[in-house]
Structure formats: C-alpha cells, structure tokens
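The next block holds one structure in the form of structure tokens; read it before the comments.
The values are calculated or read from the model by the stated rules, or taken from the named source; none is laboratory data. In this text the structure is predicted, and so the values were computed from the model without any measurement. Cβ atoms come from the backbone with ideal geometry, glycine included; neighbour counts cover every protein chain shown. Heavy atoms of the whole protein, side chains included, go into the accessibility calculation; ligands, DNA and RNA do not. Shrake-Rupley method; radii C 1.70, N 1.55, O 1.52, S 1.80 Å.
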Amino acid sequence: MTFLLGSGAGFSGDRTDAAIPVVAELIRRGQPSALVFETLGERTLAAAHRAMRDEPDAGYEPLLAELLAPVLGDCLSHGITILGNFGAANPDGACHVVAELAGRAGFPQARIGRVHGDDIRAHLSSLDLQRWEAENRDLPGEETLISANVYLGAEPLAEALALGAEVVVTGRVADPALFLAPLVHHFGWAWDDWDRLAAGMMAGHLAECGAQVSGGYFADPGCKEVPNLATVGYPIIEVEEDGSLVVTKPPGTGGCVTERTVKEQLLYEVHDPANYLTPDVVVDLTSVEVRQVGPDRVAVSGIRGKAAPQRLKTTVCYEGGWQGEAEISYAGPNALARAQLAAQVLRERLTFRAPPELRTRLDIVGLASVFDSDAGDLQRTMPASASGDYRLRLAAEHAERRWVERATQELLALYCAGPAGGGGVRRHFQRRVCTASYLVKRSDVEAFATLFEKRSHYHVAS
C-alpha cells in the first residue's frame, strides 16, 4: 500500500499553519502516513546550544508548540506518525513539550521516541576527524566550542518507530533521513537495499525544504509564475514499496507542483548528481526521470543507490567574536550623492575611531549591495542618479563587542553630523558563529533510540 509523507515545516521559522491542510489531506486519504517537521540548520543548532547554555530548559525549536498544537491531536487520533528534528540541542526538552501538548489534546499516554548520539562534544578531541573536502579551518579550541553534531541517518529513527513511538524527536540528523525512517519501518526495506533506500532518501530530499518543491522559493514573476503563494501547499510524497514516488500537495492550496519545481528541488545542495552523499546511502541521480502525470502531480523514477559512506558529516560551531549592523536612509532629490557622502564620512571616521583589525563593509541598498564586494567595487561602477531612495548599511566584525558598538555608533552619529536628510537608523549586535565541517568514522558514533519518560519537575512554557 502507498505510504504518504507530508511536510509540516522546512526550516526554523517556517509557517506554523502549513501542516494543517497537509494533515487534513492525509486523514482524508486514510493511508499509512507520516508528518515530518524539518526545522534545523547548522546555525540554528548553534543558537539552540547558546539558548540552552543560558536557560537549561531551552534549546529546542522555539516554535515547537505553535507548529504541533494545531495538528498533534489529529495525528495521534488517526495514526499519523510525526517525526521532527525540532529537538535541536535539547531533545529532552522538546519531548517534554510534545508530552504536554499531547496531554492537552487528550492523549496523555502518547509514545514519544527520543534519538540519541548526534552530540559528540564530550569526546570530540579523541575522534579520528577528517576534514570535509572544502574545509580549510582548524578545529577550534574547547574554550570557543559551541556545538559538535554528527548528521545521523535513519536507523535510530526507525528503531524509535519499532519501539512503538508515535512521535519521534531528534537533534541533528540528515534532513531526508526523517522521511526515510518511516518508509523503512513500514515497508521493511533492508539497510543494504540501496536502490530503495536511495528512492526513500530522495523522497525526503524533495520534501525536506517544505514549500520549495511546491512553488515556494520558485516564483519569479513573468518568468516562473506561481498561483496563490500566500496559501502555498506543502508537499505530500506518495511512495510505493518498490521506491517509485509521486510529488503532490493538498488540493485547494496555492502553489504548484511541476516538473520544473521538482527538478529545482531535486538538485538542491547536490554537489555531485552521480554521488550524492547521505548517511544511509550514496544516491545516483544520473538516470532520473521527472514526469508530469497530472495537475500538481509529478512522478520521479530512475533513482539508484550505492553503499553508504563509511564516514559521517560532522558540523562544529564555535564562537567567532561579534558582528553588528547599522543602517540609515536617504531619499528624495540628490539622495544618492548624500548616501555616497555619508559612506565616505563613515569610512574616514573609522580609520581613526576603530582598530585596524575591525572588518567592515558598506553597502548602498538601492544602488549596489547583494552582489558587491566588501570593498564596494560595484558601487563605484554604477551610474549615478539625482534622486531615489537609498539605504546606507554598515556591517562590522571584531572579536570584542565594544569595537562593533563603536563602529555602529559612528553611523548613528550621521543623523546630525552627516549629510542632510538621513533617517530611520537601526542598530543590531550579535555574537558571531563560525562553522567547520569534518567527517567522523561511522564506527565511532553510537546512535540509538529510547522511549521518553516525562519528568514532573520539567518546566514547559504555556
């Protein structure tokens, strides 16, 4: 029987009502199904570790309750398994939230699986670490270390399902592994059935970014039209036992599922289509066929698999000093000249008001920003305009916060000590996170699952 994979979120900060129409469609179809929340990025995880450092009961997905509350009861009452990496740095804390929400929904005995083993900070220095091919940074010292997490595969998630978990909470896992696990559990695929594992992994890859495969991040007016993006439907992947799959979305929702949306997502973050590395299988996409089989229905076939790699990606996050931003607007007649003068004044001020190791960047938004260099090379080649609407943006970076504050304060001072008509200043500071990627031996990683037992003293926010 067809197994349905629904997406409830594609990143931390995604729409919190996205899962509602997905779950409604899964219930309507009445087929075996799972709902997946993918909410974890590398810097999201580092932020979660920092949050947990400040507050031990924090460190999981901040929107967890808002994401789950609208659909948890329906999923539990209709046998729809939920899987999510919303545990981030604190899977135990996330499990407590899920247990509390399940109780409020009338399911106090809901079985919650917890995956262990991704956090390797405690023995990082003793592991045989190999630099990822594009990595040129040295392993940070313990004094700056924030997090070190292995991208686990689907096996411990499938183990949680075998234990009877109705909700599976993880920390760092490979995003598509969240989708592969329920397929392996349901169909009984072997862990060396490489073609089926590859198909299941790519089913997850297609859905892991939420609406990206159904029109989100795809729309480009006049070039790639997407209807009703405000109500874009998140994907549902129909998977058969032989690994064949169809990408679709809930009826009545906005967006579109076409060959083009599927092809874009299929190649997303794939550096080598013949050897796409995942923890569970190496995927070969060179023979893939993408075919429209109906409105908002695209079949994907020809996915092949090879033996899983012997090393797993590990992301290490560490403190990188401070960074800050400050902006000021200039509009109306001669606005560009005034913005350029403000940039010149700021550059001159920073030569004697800040240390030489302060790194800065000045953009004029509306003239040149996204594609410019830190030195502003593109700005100097752009044609001048007598009037318009421009925003001068300063970015600054230093090991010490005080120098970042000093730099952004110099922009604030342009209110009265700079060109005419500046306004709308905003300033923002934050600690900078640096990341480095390594490969760790699979044999050095101990990943497993347990059923969660709620502790009464744990605080869960309302």
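Here are a few things to note about the model shown:
- L367 vs. criteria more than 30 Å from P250 (Cα to Cα), surrounded by 18 or more Cβ atoms within 10 Å (Cβ to Cβ), touching a residue at least 12 places away in the same chain (Cβ under 8 Å) and touching a Pro at 6+ places or on another chain (Cβ under 6 Å): no
- Answer from E135, E159, E143 - the residue that is without any contact (Cβ under 8 Å) to a residue 60 or more places away in the chain and open to solvent by 10 Å² or more (accessible area, probe 1.4 Å): E143
- Hey, Y151 within 17 Å of the chain's Cα centre (by Cα) and either open to solvent by 70 Å² or more (accessible area, probe 1.4 Å) or closer than 22 Å to Y276 by Cβ (or both) or not: yes
- Residue satisfying condition, being in a helix (DSSP H, G or I), open to solvent by less than 50 Å² (accessible area, probe 1.4 Å), in contact with a Leu (Cβ under 6 Å, 6 or more places away or on another chain) and not assigned by TED's automatic domain parsing to the domain that holds G243, within set A337, A342, A326: A342
- Any hit, the stretch 295-311, residues being in contact with a strand residue (DSSP E or B) (Cβ under 9 Å, 6 or more places away or on another chain), acidic (D, E) and under 24 Å from P156 (Cα atoms): no
- Scanning the stretch 295-318 for residues that are within 30 Å of L139 (Cα to Cα) and surrounded by fewer than 18 Cβ atoms within 10 Å (Cβ to Cβ) turns up A307, P309, Q310.
- Subset of the stretch 183-208 (residues that are of a type outside the set (V, I, T), open to solvent by less than 20 Å² (accessible area, probe 1.4 Å) and more than 20 Å from L64 (Cβ to Cβ)): L183, W189, L197, A198, A199, G200, M201, M202, A203, G204, H205, L206
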